[in-house]
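These notes are about the structure you will find just below.
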Amino acid sequence: MDIGQALRRERLNLDLTQQQMCEGVLSRSFYAKVESGQYRINAESLFEILLRHQVDITEFLSLIRENYISEECRIENQFANKMDQAVSAKDINALEKYCKQIINISNNEVLKLRALITLAYFRDELDKIDTETAKKIEVEFDEGKEWTRRPELLRLLANTMPLWSQDKLDFLIGRLLAKARKEEVSELMMERYLRLLENYLVICYERKVQKKKIHNDHINEVMTYIIEVTKPLHLMIYRIEVIYLKNLFLGQKDKAKKIKQNLQEFGYEQEIANWPE
């Protein structure tokens, strides 16, 4: 869907005429040609129209996104989404299929690193990752790269956490948590942070089960932060997951099991399939 088509869709959803949609920003005749694809609209006018009518910017961008990215990016996004879905569903066969496709086809080095480590983790073959690959990953998190602001590197950290030593992982999560507390972030970035922080808790729990060293103060700090920021209803699943994980850390497996059973009864079996037990 192009920008004109997306604007028309939003206008019809709002039950507005073209004049009402563009009033005070563009002439109706110019706006009509934007909707029909004959004219282009500049970014300032576009956002002014969207904001005047309280159109959700993130939702609008999702409508037009596929129309303005390269074919290579489109294919990579499809593979990345399928890989993430396979991880969530704990579908090992699908995960192997998509990770292999990414490794063999993609030119995106960060995505290939994500696929390589994710596949090794689910195969329990992290010990087979060579030192050169590990160094490539560490280089991506150099402070000069502003990794806490870059979605592709946040995803890379989420997928490669099992490879990091606990001390290095704690350091990175500490930097991320400090950034999240210090700056106001968008809802989209907040959800990226929450997914990453909960991945961290899962890794820590698994390492505790394996009797490896963990830093409980750091874990509690992460849990406290997640609870603090997940009061809005649409973030409820993150709060539920951290309460679930907290019960596991405390050894209260019956309470954790009950939470999982309740979610399964509500139809979230696939979404929670990858939660630890």
Given just the C-alpha atoms of segment 1-109, how large is their convex hull per residue in cubic angstrom? 126
Heavy-atom accessible area of segment 1-143 with neighbours in place, 1.4 angstrom probe: carbon+sulfur share in percent works out to 46
Can you give me the accessible area per residue for segment 109-233, using a 1.4 Å probe, in Å²? 53
Find, to one decimal place in angstroms, the Kirkwood hydrodynamic radius of segment 141-277, where the mean of 1/r is taken over every pair of different Cα atoms and then inverted. 15.6
Mind checking segment 55-118 for chymotrypsin sites (Phe, Trp or Tyr not before Pro) that DSSP puts in a loop (not H, G, I, E or B) and that have at most 16 other Cβ atoms within 10 Å? TYR68
³J(HN,Hα) computed for each position of segment 15-29 - Karplus, 6.51 cos²θ - 1.76 cosθ + 1.60, integer Hz, glycine/proline x: 6, 10, 7, 4, 4, 5, 5, 9, 4, x, 10, 9, 6, 4, 5
If packing is taken as the average count of other Cβ atoms within 10 Å, what order do 185-192, 105-112 fall into, highest mean first? 105-112, 185-192
In degrees from 0 to 90, rounded to the nearest 10, what is the angle of the helix 236-249 Cα long axis to the longest principal axis of the chain? 0
Theoretical FRET efficiency, 1/(1+(r/R0)^6), r = Cβ-Cβ of LEU14 and ASN107, R0 51 Å, to 0.05: 0.80
Pairs LYS136/LYS208; LYS179/LYS253; LYS100/LYS179; LYS97/LYS253; LYS82/LYS135; LYS90/LYS257: which exceed 24 Å Cα-Cα? LYS136/LYS208; LYS179/LYS253; LYS100/LYS179; LYS97/LYS253; LYS82/LYS135
Show that you can apply the helix-only estimate: for the chain, add -39,500 (n - 2.57) for every DSSP H stretch of four or more residues, divide by all residues, and state [θ] at 222 nm to the nearest 500. -21500 deg cm²/dmol
State the percentage of accessible surface on segment 159-269 attributable to carbon and sulfur atoms; use a 1.4 Å probe and exclude ligands, DNA and RNA. 53
Lysines near LYS182 by alpha-carbon distance under 26 Å, same-chain residues fewer than 8 away left out - which ones? LYS145, LYS168, LYS231, LYS246
Going through segment 1-100, which trypsin sites (Lys or Arg not before Pro) have at most 14 other Cβ atoms within 10 Å and a DSSP loop state? ARG40, LYS90
Of PHE266, PHE122, which has the most accessible area and how do the rest follow, probe 1.4 Å? PHE266, PHE122
Rh (Kirkwood, all Cα-Cα pairs) for the chain, Å, reads 21.3
Please report how far the C-alpha centroid of segment 223-277 lies from that of segment 122-175, rounded to the nearest whole angstrom. 25
I'd like the accessible area for CYS99: 1.4 Å probe, protein heavy atoms, all chains in place, Å² to the nearest 10. 0
Whole-Hz Karplus couplings 3J(HN,Hα) for segment 263-270, θ = phi - 60° and coefficients 6.51, -1.76, 1.60, Gly and Pro as x, run 5, 5, 5, 8, x, 9, 4, 5
Between LEU61 and LYS257, take the C-beta separation as r, use R0 = 35 Å, and let me know the FRET efficiency to the nearest 0.05. 0.30
Dmax and Rg, reported as Rg then Dmax, of segment 113-198 (C-alpha, Å): 13.1, 40
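The values are calculated or read from the model by the stated rules, or taken from the named source; none is laboratory data. All values derive from a computational prediction rather than experimental measurement. With ideal geometry, Cβ positions are generated from the backbone for all residues, glycine too; neighbour counts draw on all protein chains shown. For the accessible areas, the whole protein counts, side chains as well, though only heavy atoms, and no ligand, DNA or RNA atoms are used. Shrake-Rupley method; radii C 1.70, N 1.55, O 1.52, S 1.80 Å.
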